[in-house]
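A short write-up of the structure that comes next.
The values are calculated or read from the model by the stated rules, or taken from the named source; none is laboratory data. For clarity, every value in this text was computed on a predicted model and none was experimentally measured. In this analysis, Cβ positions are derived from the backbone assuming ideal geometry, glycine residues included, and neighbour counts consider all displayed protein chains. Keep in mind that these areas ignore ligands, DNA and RNA; they rest on the heavy atoms of the full protein, side chains included. Shrake-Rupley method; radii C 1.70, N 1.55, O 1.52, S 1.80 Å.
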Amino acid sequence: MRRRSPQRAILDAGKAILAEGQLDTIACHAAGIRNVVAPQGTAFTADQARVLKRYVDEVVLCFDGDKAGRNAVIRALDPLLAAGLAIRVASIPPPDDPDSWIRAHGAESFRSLLDRAQGVFDFHLQGLCSENDTASDRGRLVVLRSMAEAVHKTGNAVLIDTYAQRTAQRLGVDVQAVRAEFR
């Protein structure tokens, strides 16, 4: 049987899965999930995002489930958004990564995690609210400022307003106040 190239697998799937490391990518390929790639080195670059954009319009980030993995998602935003890619995030419960999850739960369970990937800004809002005390002024300000900074990277007024509304709802504050802060 002839194996498909990662490029062909990405084209066929209509999306690329971006893993944090080479071992995660190898584990995915061994499990038959071949539309997975990983950046070489420590940071995902604009050049790598442009290469992916030649093949697909959507990327699913599948990084480790820890805080470092969540931070890596946010660092990948700039190059992915600049390339015009839609971004979703597959959440792997800590302390697992794709490799350990596949070994413990199997390929079908991992595919299910990928299928349930959420939008990157929903993922970011959820993470910010879990890391900060949203009952305190300081915590609400951290969430508000981080969300505003992240969604403004899109330059899309509809997305900015959508996430102003969702942020207001999560923080239990007036949406007009959040819209004003997002400006």
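Descriptive notes on the structure:
- Here is the figure for the stretch 85-101: residues that are surrounded by 19 or more Cβ atoms within 10 Å (Cβ to Cβ) and among the polar types (S, T, N, Q) total 1.
- Scanning the stretch 61-75 for residues that are modelled with pLDDT of 90 or more and under 20 Å from N156 (Cα atoms) turns up nothing.
- Taking the criterion of being part of a helix (DSSP H, G or I), charged (D, E, K, R) and in contact with a Pro (Cβ under 6 Å, 6 or more places away or on another chain), the only residue of the stretch 18-74 that qualifies is D24.
Every residue, every condition in (1) over 19 Å from L113 (Cα atoms); (2) open to solvent by 60 Å² or more (accessible area, probe 1.4 Å); (3) aromatic (F, W, Y); (4) touching a Lys or Arg at 6+ places or on another chain (Cβ under 8 Å), yes or no:
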site	(1), (2), (3), (4)
I17	no, no, no, no
D24	no, no, no, no
I33	no, no, no, yes
A38	no, no, no, no
F44	yes, no, yes, yes
E58	no, no, no, yes
F63	no, no, yes, yes
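- Taken over the stretch 1-17, the criterion of being in a loop (DSSP other than H, G, I, E, B) and at pLDDT below 90 is satisfied by M1, R2, R3, R4, S5.
- Looking at A135, A157, A104, A82, just one residue is of a type in the set (G, A, S), without any contact (Cβ under 8 Å) to a residue 40 or more places away in the chain, open to solvent by 50 Å² or more (accessible area, probe 1.4 Å) and closer than 22 Å to A43 by Cβ, and that residue is A82.
- Residues that are free of Cβ contacts under 8 Å to residues at least 24 places away in the same chain, open to solvent by 40 Å² or more (accessible area, probe 1.4 Å) and under 23 Å from A68 (Cβ atoms) within the stretch 109-132 comprise Q126, S130, listed in sequence order.
- Residue in the stretch 102-110 that is charged (D, E, K, R), closer than 25 Å to H29 by Cα and touching a Gly at 6+ places or on another chain (Cβ under 7 Å) present: no
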